[in-house]
Structures are given as C-alpha cells and as structure tokens.
1. Has the stretch 222-229 got at least one residue that is assigned to a helix (DSSP H, G or I), on the phi < 0 side of the Ramachandran plot and surrounded by fewer than 20 Cβ atoms within 10 Å (Cβ to Cβ)?
2. Considering only the stretch 150-196, how many residues are touching a strand residue (DSSP E or B) at 6+ places or on another chain (Cβ under 7 Å), surrounded by fewer than 19 Cβ atoms within 10 Å (Cβ to Cβ) and over 17 Å from residue 120 (Cβ atoms)?
3. Somewhere in the stretch 280-292, is a residue closer than 21 Å to residue 337 by Cβ, surrounded by fewer than 20 Cβ atoms within 10 Å (Cβ to Cβ) and over 25 Å from the mean Cα position of the chain (by Cα)?
4. Only helices (runs of 4 or more DSSP H) wholly contained in the stretch 108-218 count here; list those with 1 or more residues that are without any contact (Cβ under 8 Å) to a residue 24 or more places away in the chain and more than 30 Å from residue 267 (Cα to Cα).
5. Which residue is nearest to residue 140 (Cα to Cα), if the candidates are limited to the stretch 94-107 and must be part of a loop (DSSP other than H, G, I, E, B) and touching a residue at least 12 places away in the same chain (Cβ under 8 Å)?
6. So, in the stretch 64-88, of the ones that are in contact with a strand residue (DSSP E or B) (Cβ under 9 Å, 6 or more places away or on another chain), assigned to a helix (DSSP H, G or I) and touching a residue at least 60 places away in the same chain (Cβ under 8 Å), which residue ends up surrounded by the fewest Cβ atoms within 10 Å (Cβ to Cβ)?
C-alpha cells in the first residue's frame, strides 16, 4: 500500500457495517507496550529511540498479517500528510510533535495501526466498524502475541505491563466505542448519561479522541483505568455500558418519532437543504448537519444517500483532506468553500 492510496480509500471503520452500526460507528482497542531494554520515550536518548524503531521494524516484518503494510517514518512526512493520518484516526496529536524518532505502521484497510515512540514505545490499535468490541479484542490480542514473541516487553507479574502513564499500568488496554447519539442530545438527556458514565469509571471524548470536545453528536466512550482489572473485565464493562447507551438512544429515537415526528422531519430536511445549497461550510457546522442526515438515513427517512459514503465524507471534509485534494494550502475561508462544494457533489451526485 502507498500513502496516496491510503488517504483516498474508505477505512474499514467507516464502512457503516457491523452490529448496531446505526448508533455505534466503530469499536477500538488500543494497547500500550514498552520494550524492557529501553527507557520510556520521554527519557530515552536518540540512539535508544532508534533502537526501538529498528527492533520493531525487524519484528513486524516477521508477522504475516503485516505483509504489504505501510510503514512510515514521521520525519519523512510533510505536515499535511501527518494531519491526514490524524484525521483518519491512525495517529495521535502527540505523535506529530518532535517526529525525528517516531514511526507508524498501517495495516490493510486501516484496521491496525501501530505508533512507535509516542508516549510509549508501542501503541497498538485495532479499529473496526460497528459494535464489534469482542472481535476487535481478539484481533488485537493476536497481533500483540505475535509481536510479544519477537520483542521483550517490560512486564511485572505483580503490576502487569509497565507504561509511561500510571493510569495505563496493568493491561495497558484502552477499549472504546464511537457512538452517534443525536436523539439523546435533542431530548436533553445526554448530560445525565455522560455524568453516569463518569461515575462508572469511564470517560467520553469528542470525535477526534483525547483533548477534543464532542461535536456532531459523536462521542468516544472508553475506560479510564487499567490497573487492577483484567482485559476481559475492561471489555465486558464497556460492552455492557454501550448496550445500555444503545438502548437509551433507541428509546429516544422512538419517543421523537412517536411524539415529535414533524420536528424530526423538519430538522433532517433542513439539514439536507442547507448541505445541498450552502456556499460556505465550516467543519463544525458540517459535522452537525451531517449528523442529522445520518440520523435520517438510520430512521429510513432518507433512502438515496449511502451511509458508508456519508461516514467517509465526515473525514474527507476535514482541513488536511481538503488541502490534499486541492494540492495546495487553503485559507480557512477557502476551505469552507471547498467543503461546501465537496458536500454538494457527494449528496447530489
């Protein structure tokens, strides 16, 4: 796979398939791992960071799953290309800064990505479409086992896996689901739900994860602590909570359909109308309107727009993707113009 193929394709997690895909956009497992013979990245010297890169490169080339994978050194990428990877949920914001001794490995269909020398030596991520957390974990566990056979992880029988951040010590596992909750937002039940999630030891973030606010009615719900809990406990707890979230959102949708269908029809129709006619469109406004169109598709009110195309459009309208398409730097206003044009071409094409 080449980088040019990567940013123009629809990632697996955007396909709109899998269980409960109308509410759960994606399921993600992320593991933090460190190599025993090197200090954590923030304390390691350049030669040691290069050693991590070299050891990992040798290891992944022996894993069958990664045949044909895309391996990128961050220092070799243009700024716009790093932003592309961030917008596609393949790297973190931290991985963009100080790129000299960092890399990322991206597997087929963007299901697996591994950041090297981010906060930890390895950040192993598996991202799949729909409410698929158990299968996502099985694949993550297999990849982790394959790498563990070839790399000496920093591990203690008492504490588990050593990680740079104390909250990741133990399993080093973060499990999360990206959920679309427009009707809980409309019925003003969302704050009550988010408060309950926090009390249960989980957290909710925005569409682009840590450090981002929720927008477009999209929320990323994940565990906060790994120490003292097994992988199975973390995943089971998240799975039970997400099932409840799905039930709450479905109940809110049924209530609006039964009691305020005209209001719902109006909001969705207005969203389609604005998206098809606007000449300027900010990222935030577009995400909010596309959220309402997505709800219309899920409820069967809109039948001529494909959910996979709509999910992919959410990524394609982001600043770096727009500029990559135009092959030049765009001002904020120019991006707003191109964003509006792209949305119209997709929705009316």
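1. Within the stretch 222-229, the subset assigned to a helix (DSSP H, G or I) is none.
Scanning the stretch 222-229 turns up no residue that is assigned to a helix (DSSP H, G or I), on the phi < 0 side of the Ramachandran plot and surrounded by fewer than 20 Cβ atoms within 10 Å (Cβ to Cβ).
2. The number of residues fulfilling the criteria is 1.
3. Yes, there is a match, as at least one residue in the stretch 280-292 is closer than 21 Å to residue 337 by Cβ, surrounded by fewer than 20 Cβ atoms within 10 Å (Cβ to Cβ) and over 25 Å from the mean Cα position of the chain (by Cα).
4. On the way: elements: 133-148, 182-186, 190-199.
Ranges flagged: 133-148, 190-199.
5. First, the residues of the stretch 94-107 that are part of a loop (DSSP other than H, G, I, E, B): 94-98, 102, 107.
Restricting the remaining residues to those that are touching a residue at least 12 places away in the same chain (Cβ under 8 Å) gives 94-96, 102, 107.
Working: 94: 22, 95: 21, 96: 24, 102: 21, 107: 12 Å.
Only one residue tops the list, namely 107.
6. Taking the candidates together, the pick is 65.
Values quoted throughout were computed directly from the atomic coordinates according to the rules given, and no laboratory measurement underlies them. For clarity, every value in this text was computed on a predicted model and none was experimentally measured. No Cβ is skipped: glycine too gets one built from the backbone with ideal geometry, and neighbour counts run over all protein chains shown.
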